[in-house]
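This report refers to the structure that appears directly beneath it.
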Amino acid sequence: MTAVLIVEDDPKIRAQLLLQIREEGFAPTAVESAEAALVQLEGPSAAPPALMLLDVRLPGMSGIDLVRQLAAGNRLPPTIVLSGEASISETVEALHLGVHDFIEKPFSRQRLARSMANTLRSHALSREVAQLRSELTGGEILGQSVAMEGLRRRIAQAAPTDGRVLIRGESGTGKELVADALHRGSPRASGPFVKINCAALPAQLVEDELFGHARGAFTDARSEKAGLFEEADGGTLFLDEIGDMEVALQGRLLRVLEDGLVRRLGETQFRTVDVRILAATHADLEKSIRDGEFREDLYFRLAHLPIDIPPLRQRQGDVQLLFHHFLEQFQRRHRRRAQEVEEKVYPRLEGHPWPGNVRELQSLCERLVVFGGDPIRAAELPFADSVASPAVAATGPLSPFPADLGEGQLPSLKDFKETSERRYLEAVLGRTGWNVSAAARLLGIRRTYLHQRLNALGCHRPTGLGNPEGSSE
């Protein structure tokens, strides 16, 4: 039977919950304090329940404090909070930490039963998604090219150390996968692995997320909150897209890296943390330093052990391996039978510049599994028309120069790559009427990154086109 842990100090409510949950077909256990719940959850004979029903106002440690402690160690079971006294800030924090639902007292039998069913269903789906993601990556960094062998070697050398690692690579190359591998291979593997995307939150929220706040630090801060540095104590903190962090916040981060002390917003006392920092960026931080957008001293603090991830266009020998790997995984995921692949598909795949990198290839494979035929034909590839004709095939599938150029007339590798990328991006944008948002979805990259590449490559919307929503102007 499904085990349910009830943490409720009111004996009448506790008895009612025990009765209802038994009648629903579960196996409930009830305790009257958060401290007793910790014994149930973390004791020597602890068996994590499938679900926890938790009151907020408890004697001693509060329900929210219990959630914080369990979430910090990644040990929070699927949880429903029951309370009639929690503040808005406590509610938001609990949901942010992983609580599935928040039910105000008094509540009906039907409301609780529905919430329990939804929570268990949601947790089961989350486990399935995590398993599928694990299958899609295999927990491995795939590839047999020299570049990928070198990447795996550097990860193996850096992982057992406590050095800070700066992971550099274009969007879609798998920076988070490298960070996962570094954490798993480190002595901190049993500790928390906490991640934050610095580009996904406004600067003030990033600061609150990293350092936490004291009660009353700002409007609606009705309870204290630990930051991610404290949650990652004894483990690893992964700062994704560090290049997008505001300069003012970079100074606070630098202080933490220098002395290992953090201070919550609204507090004067410092707390010591033991955290390994992994950072990642797709940006050119050296250029950002020259432009005054990134602190040079922070760069050198983060880049003790730099690791560069090669873009997919620089390891074309891995494309076919990845293509079949993702096809097989998506066929299993969507319960489709294996598809044959037309031979003409492979040269087109290997000739494509893959501006969205592995993420673009993965997205393509899912589309082919769901919408493609059997066999998968070259004509079904969205970039089929961009492949060079046989007349210029001798110089490469996307060569931007004629085959009869002399050696002294050949462009540099940098010019070739930029010209190829420019042509491809303009071709994709031509299909979407220069709607940048639609083009970014086709490419499997962020709209902001596509804008950056268009500006860097000097791509401009042709005159005479309208200016649809999401266009580059």
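Run Phe294 past the list (1) outside any helix (DSSP H, G or I); (2) over 24 Å from the mean Cα position of the chain (by Cα); (3) under 23 Å from Ala456 (Cα atoms) and report the number of the one that doesn't hold.
Of (1) outside any helix (DSSP H, G or I); (2) over 24 Å from the mean Cα position of the chain (by Cα); (3) under 23 Å from Ala456 (Cα atoms), only one is false for Phe294: (2).
Can you tell me which of Glu42, Glu104 is within 29 Å of the chain's Cα centre (by Cα), at pLDDT below 90, of a type outside the set (A, V, I, L, M) and loosely packed, with under 14 Cβ neighbours inside 10 Å?
The conditions single out Glu42.
Considering only residues that are assigned to a loop (DSSP other than H, G, I, E, B) and not charged (D, E, K, R), look in the stretch 320-351 and name the one that is nearest to Phe383 (Cα to Cα).
Result: Gln339.
Just need a number here: residues in the stretch 143-154 that are within 23 Å of the chain's Cα centre (by Cα) and of a type in the set (D, E, K, R).
2
Conditions first: (1) loosely packed, with under 14 Cβ neighbours inside 10 Å; (2) free of Cβ contacts under 8 Å to residues at least 60 places away in the same chain. Asn74 passes all but one, so which condition is the exception?
(2)
Which members of the stretch 115-154 meet the condition of being closer than 28 Å to Leu361 by Cα, in a helix (DSSP H, G or I), at pLDDT 80 or above and open to solvent by 60 Å² or more (accessible area, probe 1.4 Å)?
Hits for the stretch 115-154 are Val146, Glu149, Arg152, Arg153, Arg154.
Can you work out which of the residues in the stretch 433-447 that are in contact (Cβ under 8 Å) with a residue 12 or more places away in the chain and not aliphatic (A, V, I, L, M) is nearest to Ala200 (Cα to Cα)?
Arg446
Filter the stretch 155-191 down to residues that are β-branched (Val, Ile, Thr), over 16 Å from the mean Cα position of the chain (by Cα) and in a strand (DSSP E or B), then give me how many there are.
1
Looking only at helices (runs of 4 or more DSSP H) that lie completely in the stretch 1-104, which have at least 1 residues being within 21 Å of Gly212 (Cβ to Cβ)?
34-42, 63-72, 88-97
Quick one: which residue in Arg315, Arg301 is of a type in the set (D, E, K, R) and open to solvent by less than 20 Å² (accessible area, probe 1.4 Å)?
Being of a type in the set (D, E, K, R) and open to solvent by less than 20 Å² (accessible area, probe 1.4 Å) holds for just one of Arg315, Arg301, which is Arg315.
Could you give me the residue pairs with C-beta distances under 6 Å whose first residue belongs to the stretch 299-313 and is under 11 Å from Gly169 (Cα atoms) and assigned to a helix (DSSP H, G or I), whose second residue is of a type outside the set (Asp, Glu) and open to solvent by less than 30 Å² (accessible area, probe 1.4 Å) wherever it lies, and which are 6+ apart or on separate chains?
Once the first residue is under 11 Å from Gly169 (Cα atoms) and assigned to a helix (DSSP H, G or I) and sits in the stretch 299-313, its partners that are of a type outside the set (Asp, Glu) and open to solvent by less than 30 Å² (accessible area, probe 1.4 Å) give Leu312/Trp354; Leu312/Asn357; Leu312/Val358.
Quick one: is Glu230 under 21 Å from Ser186 (Cβ atoms), modelled with pLDDT of 85 or more, part of a helix (DSSP H, G or I) and open to solvent by 40 Å² or more (accessible area, probe 1.4 Å)?
yes
If you scan the stretch 355-380, which residues turn out to be open to solvent by less than 70 Å² (accessible area, probe 1.4 Å), of a type in the set (A, V, I, L, M, F, W, C) and under 22 Å from Gln316 (Cα atoms)?
Val358, Leu361, Leu364, Cys365, Leu368, Val369, Ile376, Ala378
Within the bounds of the stretch 273-291, is there any residue that is surrounded by fewer than 20 Cβ atoms within 10 Å (Cβ to Cβ), closer than 25 Å to Arg215 by Cα and either of a type in the set (Lys, Arg) or touching a residue at least 12 places away in the same chain (Cβ under 8 Å) (or both)?
Yes, the stretch 273-291 contains a residue that is surrounded by fewer than 20 Cβ atoms within 10 Å (Cβ to Cβ), closer than 25 Å to Arg215 by Cα and either of a type in the set (Lys, Arg) or touching a residue at least 12 places away in the same chain (Cβ under 8 Å) (or both).
Determine whether the stretch 381-392 contains at least one residue that is at pLDDT 80 or above and either open to solvent by 30 Å² or more (accessible area, probe 1.4 Å) or in contact with a Ser or Thr (Cβ under 8 Å, 6 or more places away or on another chain) (or both).
Checked the stretch 381-392: at least one residue is at pLDDT 80 or above and either open to solvent by 30 Å² or more (accessible area, probe 1.4 Å) or in contact with a Ser or Thr (Cβ under 8 Å, 6 or more places away or on another chain) (or both).
Can you tell me which residues in the stretch 338-354 are farther than 17 Å from Ser145 by Cβ and either touching a helix residue (DSSP H, G or I) at 6+ places or on another chain (Cβ under 6 Å) or surrounded by fewer than 18 Cβ atoms within 10 Å (Cβ to Cβ) (or both)?
Ala338, Gln339, Glu340, Glu342, Glu343, Lys344, Val345, Pro347, Arg348
Looking at Gly235, is it touching a Phe, Trp or Tyr at 6+ places or on another chain (Cβ under 8 Å), farther than 19 Å from Tyr299 by Cβ and open to solvent by 40 Å² or more (accessible area, probe 1.4 Å)?
No, not satisfied.
The values are calculated or read from the model by the stated rules, or taken from the named source; none is laboratory data. Predicted model only: the values in this text are computed from it and were never measured. Note that each Cβ is placed from the backbone with ideal geometry, even for glycine, and that neighbours are counted across all protein chains shown. Just the protein is used for accessible areas: all its heavy atoms, side chains included, with ligands, DNA and RNA removed. Shrake-Rupley method; radii C 1.70, N 1.55, O 1.52, S 1.80 Å.
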